[in-house]
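Student: Here it is, the structure in full.
The values are calculated or read from the model by the stated rules, or taken from the named source; none is laboratory data. Being a predicted model, the structure only gives us computed values, none of them experimental. Here Cβ is always computed from backbone atoms with ideal geometry, including for glycine, and neighbour counts include all displayed protein chains. Note: accessible area is taken over every heavy atom of the protein model, side chains too, but ligands, DNA and RNA are not part of it. Shrake-Rupley method; radii C 1.70, N 1.55, O 1.52, S 1.80 Å.
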Amino acid sequence: MKVGARPYFLAVAVCAVPWILLASRLTAQDAHFHNAPPPSYQLKNPYAGQPAAVAAGSRLYAMNCGSCHGIAGRGTGNIPSLSQGPTQSAPDGEVFWFITTGSVNNGMPSWGSLPEQKRWQIVAYLKSLKNSYGTQKSAQKTGSAPASMKPIKTNAPPPQPPYTDFRFEQPGKVRKITAQDLPAPYVTESASNGPQLVGRPQGAWPQAPAGFSVQQYTTGLDNPRLIRTAPNGDFFLAESSAGKIRVFRGITGDGKPEHAGVFATGLKQPYGIAFYPPGDNPQWMYVGDTDSVIRFPYQNGDLKASGPTQHIVDLPHGAGHWTRDVQFTSDGKKMFVAVGSASNVDDPDTTPDEKNRADILEFNPDGSGMRVYAYGIRNAGAGLAINPKTGELWCSVNERDGLGDNLVPDYITHVEESGFYGWPWWYIGSHQDPRHEGKHPELRDKVLVPDVLLQPHNASLEMTFYGGTQFPAEYQGDIFASEHGSWNRSVRAGYEVIRVPLHQTGRASGEYEDFVTGFVVDNGHVWGRPVGISVAHDGSLLVSDDGSNSIWRISYTDSDTSKSASARNHANHSTKSVSE
Ligand code: HEC
């Protein structure tokens, strides 16, 4: 083990910092257009308002942008309007920066290949489109839906069960997808449907099953991600893009923290948090900091890191999935670290960047002895958990994109040692990815079918086992997971918290249940996106949400309704309803 000298409090900002890091350190209050880095704010458009430039920009727009953003920037389907809304209220320099950078994962190409002059001409043209709606305040600042948010009507027919979408997600609704339900690849086109984030509309609130209530534990956070409960009951939250770990203690009568503080700053992109050794008396807090595992000295009750970080081990990193969840085996002998793929579906045989990625790696707690514990898991970096009853490792996985709306299901599964889960050549058992036709026939029969298949493109993130006693007994030992929702589905799904019942057996039956919903406004707009999830010592559930930058608390408040709620769920499950 190498003991690192990097002081934990050294603000990375003083060193050479990539723009992107600086940008993401901003709080929600002073958020820039798509997190544009501060220097771009000051860039002036040399052609602003010049008629010749506007005319040139108009032609460039028609050639390059109109197919997606519509005539005169009015927006089409799910692609945002540019003639109103944030593009009009953002400074020229930030729009220029965004066009240059793009948002490739959300379907907006990068236009850095167009000469600078042409990009400025496009900005001049876009700004000439300003109409009466254009000057509304940004939704995120006001905390309510802006008047300029044009509701998007979804004319798509209801989804065919077992698939669903946001229109039919409903707390308590049980679902089950099996390997036999998978459509062929490319039955539908690969959608580009990234959500536009808006403030929480008036009256919108997370919805939970009857008997449960939802409170806002805290808000105003900076891109909150994983949340984990320490052995003493304190909550630790990774604000990954800010390089920060926050700590919260206690829950007041009205569901707020009794204490909130910052445990550590100056990290790169912290995500996974694990306490070591397992048990009630940890000595260390381990953190998956994207390119390495580090640890802080930690004892119950610490609200600030009491010493510098120690470097434990470097991890594969670079492009692609950056979250690194960390867990220890119950006996403390081994450490698991999930490292997601560098790409959607590149072949590791020919892509050196994919080495030791799309894997769950195993180490000794001092970072030595690395081996691949399980492989072909596209990205479990956002959610590892140990089943406290069985000691088994479980994971929550984001599967691949680009094959159509209903492929490939995300999943939650227990992890077999040396198990192969298919990526990138196969998926969900013996389905071959058409992009890798004919490759690795010898692996065909080795591909494990995960325990619980989720809606494709749900973007399943953190998961946790419910060990509290507040929820009705039937919830004991069940899994809860946060579904962040993604862009690759024509009608969005996810944006919810789900429950995976283990039926007091420790085994999943393939079923899962919508548990907390209500974060989607329409097919173009969402206001909340669950990321992290953890069980508080009082038995309530805390859910972090990087859409509204909040933590929600779900508690069971009505002991009378549990029976009827559960009866209703099962009735729903057996009824084939067109509204599914
Ligand atoms: C293939 C479709 C596509 C093309 C072509 C395209 N865009 Fe986009 N654009 C998108 C999508 C999807 C988003 C939403 C991205 C997101 O949510 O992060 C977007 C977002 C934007 C935004 C931010 C809007 C907002 O309200 O947040 C701007 C500005 C923008 N595009 C400008 C352009 C310009 C200028 C061009 C042409 C040079 C262009 N786009 C071409 C798909 C496209």
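Student: Cβ neighbours within 10 Å, averaged per peptide: list 366-372, 158-164, 349-355 in order, most packed at the top. Don't skip to the end; give the middle numbers.
Tutor: On the way: 366-372: 14.0, 158-164: 17.1, 349-355: 12.4.
Put in order of decreasing packing, that is 158-164, 366-372, 349-355.
Student: Could the peptides 241-247, 315-321 be put in order, highest first, of the mean number of other beta-carbon atoms found within 10 Å of their residues?
Tutor: So the order, starting with the most tightly packed, is 241-247, 315-321.
Student: Please state, to two decimals, what the Cα-based radius of gyration of region 278-541 comes to when divided by 2.2 N^0.38 Å (N = residues).
Tutor: Expressed relative to 2.2 N^0.38 Å, the Cα Rg reads 1.00.
Student: Please go through the residue pairs K268/K304; K244/K268; K333/K389; K153/K173; K244/K304; K44/K127 and name each one whose alpha carbons sit more than 20 Å apart in this structure. The partial results should precede the final answer.
Tutor: Values: K268/K304 18 Å; K244/K268 8 Å; K333/K389 17 Å; K153/K173 24 Å; K244/K304 12 Å; K44/K127 13 Å.
The pairs that break the limit, which is 20 Å between Cα atoms, are K153/K173.
Student: Using a 1.4 angstrom probe on the protein heavy atoms only, line up M335, M108 by accessible area, largest first.
Tutor: Of M335, M108, the descending order of accessible area is M108, M335.
Student: For region 278-541, what's the relative contact order in percent, using C-alpha pairs closer than 8 Å and at least 6 residues apart? Mind dumping the intermediate values first?
Tutor: Working: 682 pairs, mean separation 30.9, N = 264.
RCO, region 278-541: 12 percent.
Student: D558 label point, 7 Å along Cα→Cβ, cut-off 14 Å on backbone N: hits in region 193-215?
Tutor: Hits in region 193-215 for D558 at 14 Å: 207-214.
Student: What list of ³J(HN,Hα) values in whole Hz, one per residue of region 214-220 in order, does the Karplus curve 6.51 cos²θ - 1.76 cosθ + 1.60 (θ = phi - 60°) give from phi, with Gly and Pro shown as x?
Tutor: Taking θ as phi minus 60°, the curve returns 10, 10, 8, 5, 7, 9, x Hz for region 214-220.
Student: Considering the options G467, G340, P270, tell which one lies farthest towards the positive end of the dipole of the chain, charges being +1 on Lys and Arg and -1 on Asp and Glu at the Cβ, about the Cα centre.
Tutor: Projecting each Cα onto the dipole axis, the largest value belongs to P270.
Student: What is the extension gain from E189 to R507, computed as 0.36 nm multiplied by their sequence separation minus the C-alpha to C-alpha distance, in nm to one decimal?
Tutor: The span from E189 to R507 would gain 111.0 nm if fully extended.
Student: Further question: Full-extension gain between S330 and N356, please, as 0.36 nm times their residue separation minus the C-alpha to C-alpha distance.
Tutor: That works out to 6.9 nm of additional length.
Student: Let me ask something additional. With no solvent and one equal point scatterer placed on each C-alpha of region 468-521, evaluate the Debye formula and give log10 I(q)/I(0) for q = 0.14, 0.16, 0.26 Å⁻¹, two decimals.
Tutor: -0.44, -0.55, -1.02
Student: When you count, for each residue, the other Cβ atoms within 10 Å and take the mean per peptide, how do 202-212, 507-517 rank with the highest first?
Tutor: Averaged packing, sorted descending, gives the order 507-517, 202-212.
Student: Quick check on region 328-480: take the gyration tensor over C-alpha atoms, sort the square-rooted eigenvalues as a ≥ b ≥ c, and tell me if it's rounded (a/c under 1.5), prolate or oblate.
Tutor: Numbers: a/c = 2.16, a/b = 1.35, b/c = 1.61.
Oblate, because a/c is 1.5 or more while a/b does not exceed b/c.
Student: Restricting to bridges with both residues inside the chain, how much of the DSSP beta-bridge set is antiparallel, in percent to the nearest 5?
Tutor: 95
Student: Using the Kirkwood radius built from alpha carbon pairs, what does the Stokes-Einstein equation give as D for region 253-312 at 10 °C and 1.306 mPa s, in µm² per second?
Tutor: Approximately 127 µm²/s, per Stokes-Einstein.
Student: From the phi angles alone, apply the Karplus equation (6.51, -1.76, 1.60; θ = phi - 60°) to region 90-107 and give each ³J(HN,Hα) in whole Hz, x where the residue is Gly or Pro.
Tutor: Using θ = phi - 60°, the values come out as 6, x, 3, x, 6, 5, 4, 4, 5, 4, 5, 7, x, 9, 4, 5, 9, x Hz.
Student: Hey, if we sort E239, E417 by accessible area with the 1.4 Å probe, largest down, what's the order?
Tutor: E417, E239
Student: Multiply the residue separation of S110 and M63 by 0.36 nm, subtract the distance between their alpha-carbon atoms, and state the gained length in nm to one decimal.
Tutor: Length gained, S110 through M63: 15.4 nm.
Student: Ignoring ligands and nucleic acids, what accessible area does D314 show with a 1.4 Å probe (Å², nearest 10)?
Tutor: The accessible area of D314 comes to roughly 100 Å².
Student: Label points 7 Å out from Cα along the Cβ direction at K176 and A473: separation in nm?
Tutor: 2.4
Student: Provide V521, V198 ordered by accessible surface of protein heavy atoms (probe 1.4 Å), highest first.
Tutor: Ranked from most to least accessible, the order is V521, V198.
Student: At 7 Å along the Cα-to-beta-carbon direction for both R435 and N281, put a label point, then send me their distance in nm to one decimal.
Tutor: Computed distance between label sites R435 and N281 equals 5.1 nm.
Student: Still on this structure, please answer the following. When each pair of different Cα atoms in the chain is counted once in the 1/r mean, what is the Kirkwood radius in angstroms, to one decimal?
Tutor: That comes to 24.6 Å for the chain.
Student: In 5 Å bins starting at zero, report the fraction of Cα pairs in region 196-325 per bin as a rounded %.
Tutor: Distribution as computed: 2, 10, 18, 20, 18, 14, 9, 6, 3, 0 percent.
Student: Here's something else I'd like to know. Determine the percent antiparallel among the DSSP beta bridges restricted to region 395-539, to the nearest 5.
Tutor: Roughly 95 percent of the DSSP beta bridges within region 395-539 come out antiparallel.
Student: Can you give the FRET efficiency to the nearest 0.05 for S418 and A52, using r as the Cβ-Cβ distance and R₀ = 60 Å?
Tutor: With a Förster radius of 60 Å, E is 0.35.
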